[in-house]
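Following: one structure in structure tokens, then a few remarks.
The values are calculated or read from the model by the stated rules, or taken from the named source; none is laboratory data. What you are looking at is a predicted structure, and each value in this text was computed from that prediction instead of being measured. For neighbour counting, all protein chains shown are included, and Cβ atoms are generated from backbone atoms with ideal geometry for every residue, glycine included. Calculation scope for accessible area: heavy atoms of the full protein, side chains included, ligands and nucleic acids excluded. Shrake-Rupley method; radii C 1.70, N 1.55, O 1.52, S 1.80 Å.
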Amino acid sequence: MGVMAKTSTTTQGLRAAIERSGYYPALVAEAVEAAVGGEPMRSYLVHQETTFDQNEVRRHVTVLVLTGNRFIVSHTDEQAADTTSPTPYATTSTESVKLGRISSVVLSRVVANPEQYTPGTLPREVVLTIGWGAVSRIDLEPAACGDPNCEADHGYTGNSTADDLSLRVSEAGDGPETVRQALAFAQALSEATADITR
């Protein structure tokens, strides 16, 4: 299969996944396609999530696309009418990140009955965390020495963690096909970032 045929299949698959999500597909597809431009896509992931905020049910969708040079994130949220708008509205944002900027791709897998696990079995859920330096979380705590009677100020100690994007996909909530797609996307992104560093 040639690159053009694969690209066409990937594009059709992405459009079908956006349609299946049922979440403002025309709006989401237009934003993603504008961000991707004419670049061939290597992989994608569409994740629609419903959250409960006090008395409101809110939905949002995140679309991840991997091209030969970039990682693209598109996120769409819906909002109820409020003081800024008399009608409900949606906000769509896209971010394009050069592959060389991605500093970490973390994939956590949750499997049931690990003692019975066989290779190739689908995890119950996966959490994909991607860092590229736009957002960092710093966890600080007072530093101490080994002397329990010491009253000196030892400053602070802590950790800095890149935490730009984190997506949780579960078989129960999202279906096995979305879990498979998350695994495939994570592998494709990991391989693409490894190619950049070689």
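A simple spin-label model places pseudo-atoms 7 Å from Cα toward Cβ; at GLU141 and SER108 they are separated by 1.7 nm.
Given axes a ≥ b ≥ c from the Cα gyration tensor, I'd like to know whether the stretch 60-116 is rounded (a/c under 1.5), prolate (a/b larger than b/c) or oblate. Oblate, because a/c is 1.5 or more while a/b does not exceed b/c.
For the chain, carbon and sulfur atoms together expose 50% of the accessible surface, with a 1.4 angstrom probe and every protein chain in place.
Computed over the chain with a Gaussian network model linking Cα atoms closer than 10 Å, the most mobile of ASP153, ASP164, ASP174 is ASP153. Between GLU177 and THR84, the simple label model (points 7 Å from Cα in the Cβ direction) yields a spacing of 3.5 nm.
Between SER190 and THR11, what length in nm is gained on full extension when 0.36 nm per residue of separation is reduced by their alpha carbon distance? Please list the in-between numbers first.
Details: separation 179, 0.36 × 179 = 64.44 nm, distance 2.07 nm.
Result: 62.4 nm gained on full extension.
For the chain, what does the accessible surface come to per residue with a 1.4 Å probe? Please give it in Å². Before the final figure, lay out the partial values.
Values: 12070 Å² over 198 residues.
In whole numbers, the chain has 61 Å² accessible per residue.
So what's the chain giving for Cα Rg divided by 2.2 N^0.38 Å, two decimals? The reported ratio for this selection is 1.25.
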